[in-house]
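A short worksheet on the structure shown next.
Coordinate-derived values only; no laboratory data. Remember, predicted model here, so these are calculated numbers, not experimental data. Backbone-built Cβ (ideal geometry, glycine too); neighbour counts: all protein chains shown.
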Amino acid sequence: MALEKLLKEINVDKEFEKRCEVFISLLQKWGRVHNLSGRLSTEDIKENIEDSISPLKFIDSYESFADIGTGAGYPGLILAMANSKAKAYLIEPRQKRVSFLNFVKNSLGLENIDIIAKRVETVDNIKVDLITSRAVTNTKLLLSLTEGIKKDNTSYLFYKGSLLKEEIEEIKLNNYSVVNRNERNYLYIKGN
Ligand SMILES: C[S@@+](CC[C@H](N)C(=O)[O-])C[C@H]1O[C@@H](n2cnc3c(N)ncnc32)[C@H](O)[C@@H]1O
């Protein structure tokens with residue numbers, strides 16, 4: 001029910017809910033066989049979808065983004081399903097996960113998505129407005145690993161847990177905000 005409520009508060013493509021239904025059923029099928037994602041009940045997947053798109057309430061609009069370590073789809077694939085006008089680069093080195101992401105992309109006919117089967121530190125041929133990441137590594141390392149895909153005014157959206165305060169102190173960040181939702185702390189670093 002929470003997802004349905006959230007969808008009334010943010011702007012997403014009108015096909016988004018249908019796309020989510022397809023994503024949920026594909027993840028439940030593939031996930032059991034290939035061990036793609038820990039929690040596969042419909043309720044758990046919907047919670048992950050909600051976690052992925054909640055920041056659309058407060059971040060600025062963007063024309064392109066790269067998600068680092070998309071895994072089985074969070075948050076990058078879900079953000080790409082929510083707004084098919086924005087160019088989405090999903091950067092994920094593990095082959096089984098890449099195959100799943102490609103299968104969902106093709107099943108939904110989402111031409112805005114490019115899946116890059118590499119580690120992000122080896123990518124330097126794209127430059128994006130926004131860089132997102134959930135559950136990959138700490139903020140300092142993420143900022144350094146993504147040097148090759150940033151522009152002067154790139155923004156960052158990192159999906160963090162409770163260790164965020166220490167991470168922010170370590171790197172002396174400016175111009176950021178933290179938005180909390182349940183156990184989640186969203187770190188949003190706005191480009192200039
Ligand atoms: C714990 S999983 C998180 C997956 C997803 N973001 C989520 O929240 O469910 C971490 C993912 O990051 C990927 N990863 C690790 N190091 C990476 C790197 N240097 N560049 C891109 N992806 C990386 C892994 O292959 C893995 O799929």
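Scanning segment 143-157 finds one or more residues that are over 17 Å from the mean Cα position of the chain (by Cα), exposed (fewer than 14 other Cβ atoms within 10 Å of the Cβ) and within 26 Å of VAL12 (Cβ to Cβ).
Return yes or no: is SER52 in contact with a Pro (Cβ under 8 Å, 6 or more places away or on another chain) and in a helix (DSSP H, G or I)? Criteria met by SER52. Against the list (1) in contact with a Ser or Thr (Cβ under 9 Å, 6 or more places away or on another chain); (2) more than 14 Å from ILE10 (Cα to Cα); (3) among the β-branched types (Val, Ile, Thr), the condition ILE59 fails is (2). Among the residues making up segment 18-37, those that are surrounded by 10 or more Cβ atoms within 10 Å (Cβ to Cβ) and over 17 Å from the mean Cα position of the chain (by Cα) are LYS18, GLU21, VAL22, SER25, LEU26, GLN28, LYS29, TRP30, GLY31, ARG32, HIS34, ASN35. The test for being within 21 Å of ASP129 (Cβ to Cβ), touching a helix residue (DSSP H, G or I) at 6+ places or on another chain (Cβ under 8 Å) and free of Cβ contacts under 8 Å to residues at least 60 places away in the same chain holds for LEU79. Residues that are outside any helix (DSSP H, G or I), farther than 25 Å from LEU163 by Cβ and among the β-branched types (Val, Ile, Thr) within segment 99-151 comprise ILE113, ILE115, ILE116, VAL123, ILE126, VAL128, listed in sequence order.
If we scan segment 102-113, do we find a residue that is within 13 Å of the ligand (Cβ to nearest atom) and in contact (Cβ under 8 Å) with a residue 40 or more places away in the chain? Checked segment 102-113: no residue is within 13 Å of the ligand (Cβ to nearest atom) and in contact (Cβ under 8 Å) with a residue 40 or more places away in the chain.
Suppose the filter is touching a helix residue (DSSP H, G or I) at 6+ places or on another chain (Cβ under 8 Å), part of a helix (DSSP H, G or I), within 14 Å of the ligand (Cβ to nearest atom) and not acidic (Asp, Glu); does LEU157 pass it?
Considered against the rule, which asks whether it is touching a helix residue (DSSP H, G or I) at 6+ places or on another chain (Cβ under 8 Å), part of a helix (DSSP H, G or I), within 14 Å of the ligand (Cβ to nearest atom) and not acidic (Asp, Glu), LEU157 comes out as no.
Give the residues of segment 134-145 that are in contact (Cβ under 8 Å) with a residue 40 or more places away in the chain and in contact with a helix residue (DSSP H, G or I) (Cβ under 6 Å, 6 or more places away or on another chain), sorted by residue number. Of everything in segment 134-145, those that are in contact (Cβ under 8 Å) with a residue 40 or more places away in the chain and in contact with a helix residue (DSSP H, G or I) (Cβ under 6 Å, 6 or more places away or on another chain) turn out to be THR139, LEU145. Taken over segment 63-98, residues that are in a loop (DSSP other than H, G, I, E, B), surrounded by fewer than 24 Cβ atoms within 10 Å (Cβ to Cβ) and within 10 Å of the ligand (Cβ to nearest atom) amount to 5.
Name the one entry in TYR188, TYR176 that is of a type in the set (Ser, Thr, Tyr) and crowded, with 18+ Cβ neighbours inside 10 Å.
Sole residue among the options that is of a type in the set (Ser, Thr, Tyr) and crowded, with 18+ Cβ neighbours inside 10 Å: TYR188.
Annotation for segment 123-140: no member residue is of a type in the set (S, T, N, Q), over 27 Å from MET81 (Cβ atoms) and touching a Lys or Arg at 6+ places or on another chain (Cβ under 7 Å).
Take the conditions over 12 Å from the mean Cα position of the chain (by Cα) and within 15 Å of the ligand (Cβ to nearest atom) and apply them to ARG119. Does it pass? Yes.
Of all the residues in segment 44-55, those that are within 22 Å of THR146 (Cα to Cα) and away from the ligand (no atom under 13 Å from the Cβ) number 2.
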